[in-house]
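Read through the structure below, which is laid out as structure tokens, and then see the notes.
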Amino acid sequence: MTDVAAFSFNKLVIFGVGLIGGSLARALRERGEAHGARMVVGVGRNPASTARALELGVIDATAALGDDAELRAALAGADMVLLAAPVAQTQPLLERIVPFLDPATIVTDAGSTKSDVVASARAALGGRIGQFVPAHPIAGRESSGVDAALPDLYVGRNVVLCPLPENPPEAVERVAAMWRATGALVRDMTAAQHDRVLASVSHLPHVLSFALVEQILNSPDAALKFSFAAGGFRDFTRIAASSPEMWRDICVANRDALLEELDAYTAVLAGLRTAIENGDGAALEAVFARSRMARTEWQEQRAAPDDSVGPAK
């Protein structure tokens, strides 16, 4: 694990103060690793959500997205802007804020897909694209909203940065330092590589979890099945409690990589079906044993100090 680097900021503006944005705000204000004035302004579509964040002390002030004067005041002198809204909102949000954006302000995001976000940012920012540093904190909970925000959500978790050729190195380092101040481990990837990796280990599992619940819902004895569901069902379907809006946008945005993963998974399922149909216990056991070993090794690696996955920024 890398040492936490000093990070100082005077004003952070968060668009979407829910679990992700709220946890960042709490981490920077409560963990004691960030310095400066540390003022946090929340901007959202739903006034009740930002009012709740203000009530909880997660943010210091709010601004209405549709109010030019409030938005201008919120963005004036901002060190950093975080877009923590569903990825489909990236381009409209950037188009909304660019007239009020100081040249020195760094904009970053927390979107679970990156190729589409980069395309949206280029379309919205044009020649100011260098101010936008794409990022993705790989952390979350099944609960959403600012009430679920935790100051330690990012401790030991990976945050991926996908720097653009136009990004000044100091801007990338500022975003990296911000996330390191939360206790996170920062890694660099290209946008395409990020989307392929996350399609496999995040987006596909969410689709499968939603699919299993949908399959049971569509059965005539769904109530009976749910009444007997226990630990295995709970563990497998935990992530089906995630935000439908967010996962709708992720699936559409990362459709190419996700379709490849779905096709590969379907092929494995077909092989298992054939083995079950043929009573081929040896084939089933071989797959199960390989999977068990791979998961055990993964679990052990997660428990060990994370110093072997390449250089952390």
Given (1) touching a helix residue (DSSP H, G or I) at 6+ places or on another chain (Cβ under 9 Å); (2) of a type in the set (D, E, K, R); (3) crowded, with 18+ Cβ neighbours inside 10 Å, identify the lone condition not met by residue 180. (1)
Give me the pairs, please: first residue somewhere in the range 222-242 and touching a residue at least 40 places away in the same chain (Cβ under 8 Å), second residue anywhere and of a type outside the set (A, V, I, L, M) and part of a helix (DSSP H, G or I), beta-carbon distance under 6 Å, and either six or more positions apart or on two chains. 239/206; 239/209
Please find, within the range 18-64, the residue that is nearest to residue 144 (Cα to Cα) out of those that are among the charged types (D, E, K, R) and part of a helix (DSSP H, G or I). 52
Criterion: under 24 Å from residue 193 (Cβ atoms) and not in a helix (DSSP H, G or I) - qualifying residue of 112, 120: 112
Let me confirm something: among 32, 16, 44, which residue is on the phi > 0 side of the Ramachandran plot and buried (at least 20 other Cβ atoms within 10 Å of the Cβ)? 16
Selection status of residue 74, part of a loop (DSSP other than H, G, I, E, B), touching a residue at least 40 places away in the same chain (Cβ under 8 Å) and either β-branched (Val, Ile, Thr) or more than 25 Å from residue 254 (Cα to Cα) (or both): no
Which residue is nearest to residue 166 (Cα to Cα), if the candidates are limited to the range 100-145 and must be surrounded by fewer than 21 Cβ atoms within 10 Å (Cβ to Cβ) and either out of contact with any Leu (no Cβ under 9 Å at 6 or more places or on another chain) or outside the structural domain of residue 157 (by TED's automatic domain parsing) (or both)? 127
Would you say residue 274 is more than 24 Å from the chain's Cα centre (by Cα) and under 30 Å from residue 117 (Cα atoms)? no
Of the residues in the range 165-191, those that are touching a Cys at 6+ places or on another chain (Cβ under 9 Å) and hydrophobic (A, V, I, L, M, F, W, C) come to 189, 191
What do you reckon, is residue 143 within 18 Å of residue 250 (Cα to Cα), within 15 Å of the chain's Cα centre (by Cα) and in a loop (DSSP other than H, G, I, E, B)? yes
Any hit, the range 153-169, residues being among the polar types (S, T, N, Q), crowded, with 24+ Cβ neighbours inside 10 Å and not in a loop (DSSP other than H, G, I, E, B): no
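The values are calculated or read from the model by the stated rules, or taken from the named source; none is laboratory data. In this text, all values refer to a predicted model and were calculated from it rather than measured experimentally. When we count neighbours, we look across all protein chains shown, and the Cβ atoms used for this are built from the backbone with ideal geometry, even at glycine.
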